[in-house]
1. Consider the stretch B:6-35. How many of its residues are surrounded by 13 or more Cβ atoms within 10 Å (Cβ to Cβ), touching a Gly at 6+ places or on another chain (Cβ under 9 Å) and under 22 Å from A:GLU88 (Cα atoms)?
2. Regarding A:VAL93, is this residue in a strand (DSSP E or B), touching a residue at least 60 places away in the same chain (Cβ under 8 Å), surrounded by 14 or more Cβ atoms within 10 Å (Cβ to Cβ) and more than 14 Å from chain B (Cβ to nearest Cβ)?
3. Could you please tell me which pairs satisfy a Cβ distance under 8 Å, a separation of 6+ or placement on different chains, a first residue in the stretch B:39-53 that is at the interface with chain A (Cβ under 7 Å from one of its Cβ atoms) and touching a residue at least 40 places away in the same chain (Cβ under 8 Å), and a second residue that is of a type outside the set (A, V, I, L, M, F, W, C) and surrounded by 14 or more Cβ atoms within 10 Å (Cβ to Cβ)?
4. Of B:SER65, B:SER78, which residue is open to solvent by 40 Å² or more (accessible area, probe 1.4 Å), of a type outside the set (A, V, I, L, M) and in contact with a Ser or Thr (Cβ under 9 Å, 6 or more places away or on another chain)?
5. Kindly provide the set of residues from the stretch A:48-69 that are within 13 Å of chain B (Cβ to nearest Cβ) and touching a residue at least 12 places away in the same chain (Cβ under 8 Å), ordered by number.
6. Residue check, A:THR72 against (1) in contact with a strand residue (DSSP E or B) (Cβ under 6 Å, 6 or more places away or on another chain); (2) within 11 Å of chain B (Cβ to nearest Cβ), all met but one. Which one?
7. Which of the following residues is more than 15 Å from A:PHE90 (Cα to Cα) and touching a strand residue (DSSP E or B) at 6+ places or on another chain (Cβ under 7 Å): A:THR51, A:THR17, A:THR5?
Amino acid sequence: AQSVTQLDSHVSVSEGTPVLLRCNYSSSYSPSLFWYVQHPNKGLQLLLKYTSAATLVKGINGFEAEFKKSETSFHLTKPSAHMSDAAEYFCVVSDSNSGYALNFGKGTSLLVTP
Amino acid sequence: SQTIHQWPATLVQPVGSPLSLECTVEGTSNPNLYWYRQAAGRGLQLLFYSVGIGQISSEVPQNLSASRPQDRQFILSSKKLLLSDSGFYLCAWSVHAGGYNEQFFGPGTRLTVL
């Protein structure tokens with residue numbers, strides 16, 4: 001069975017400083033991994049996805065994530081935080097054994113201070 | 001381009017009352033459709049998914065039901081709401097090509113059961 005663990009429930013950064021949101025996964029098969037962002041009372045928006053192509057994945061709004069199989073990690077980074085990045089971020093895993101299910105982490109709340 | 005609509009955006013209902021939430025997708029045909037619930041401070045829980053008209057799979061047994069009367073319409077219902085049904089309900093769609101593909105989410109419905 002696959003699972004995903006977001007290591008921090010809350011992360012606080014200052015505007016203009018780097019962002020690191022950590023995610024570890026477990027999967028018995030070649031996984032697909034996603035990061036979604038959710039602003040308050042909104043739906044989820046796909047930031048980026050990894051599906052066995054390049055291990056460094058670039059997404060929207062300057063975010064990127066690196067798939068590290070040896071560490072079973074898929075951390076989300078951004079060089080410089082903007083106030084508009086404040087939101088909830090979800091790491092998601094899916095594999096050939098999961099059928100139609102996406103397995104969501106519990107989320108990391110990103111706070112950006114001026 | 002594809003768009004997904006949900007309504008209503010917010011809903012306050014008394015315990016024991018019925019529920020009907022609607023989701024429609026535009027710009028694609030024969031999508032997979034999904035209903036998720038997001039409780040406060042928790043991740044997303046898959047409730048139902050559908051791979052075609054009239055085909056519904058339930059992931060979590062409870063007092064909710066789902067129906068797909070048309071290709072791009074997905075309805076979440078209950079005959080009698082419970083307090084525990086409060087939450088943020090999200091509809092999503094994906095291409096009809098297995099479980100690897102990312103899902104695209106609607107804006108959500110905030111349900112409060114009093």
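The values are calculated or read from the model by the stated rules, or taken from the named source; none is laboratory data. What you see is a predicted model; the values in this text were computed from it and never measured. With ideal geometry, Cβ positions are generated from the backbone for all residues, glycine too; neighbour counts draw on all protein chains shown. For the accessible areas, the whole protein counts, side chains as well, though only heavy atoms, and no ligand, DNA or RNA atoms are used. Shrake-Rupley method; radii C 1.70, N 1.55, O 1.52, S 1.80 Å.
1. The total comes to 1.
2. No: the conditions fail for A:VAL93.
3. B:LEU44/B:TYR36; B:LEU44/B:ARG37; B:LEU44/B:GLN38
4. On the way: B:SER78 fails: open to solvent by 40 Å² or more (accessible area, probe 1.4 Å).
Criteria check complete, one pass: B:SER65.
5. Looking only at the stretch A:48-69, we keep the residues that are within 13 Å of chain B (Cβ to nearest Cβ), and these are A:48-53, A:57, A:59-60.
Passing the criteria: A:LEU48, A:LYS49, A:TYR50, A:THR51, A:SER52, A:GLY59, A:ILE60.
6. (2)
7. Working: A:THR17 fails: touching a strand residue (DSSP E or B) at 6+ places or on another chain (Cβ under 7 Å); A:THR5 fails: more than 15 Å from A:PHE90 (Cα to Cα).
The unique qualifying residue is A:THR51.
Rundown of residues vs (1) under 19 Å from A:GLY107 (Cβ atoms); (2) under 12 Å from the mean Cα position of the chain (by Cα), yes/no style:
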residue	(1), (2)
A:LEU7	yes, yes
A:HIS10	yes, no
A:TYR29	no, no
A:VAL37	yes, yes
A:GLY43	yes, no
A:SER52	no, no
A:LEU56	no, no
A:GLU66	no, yes
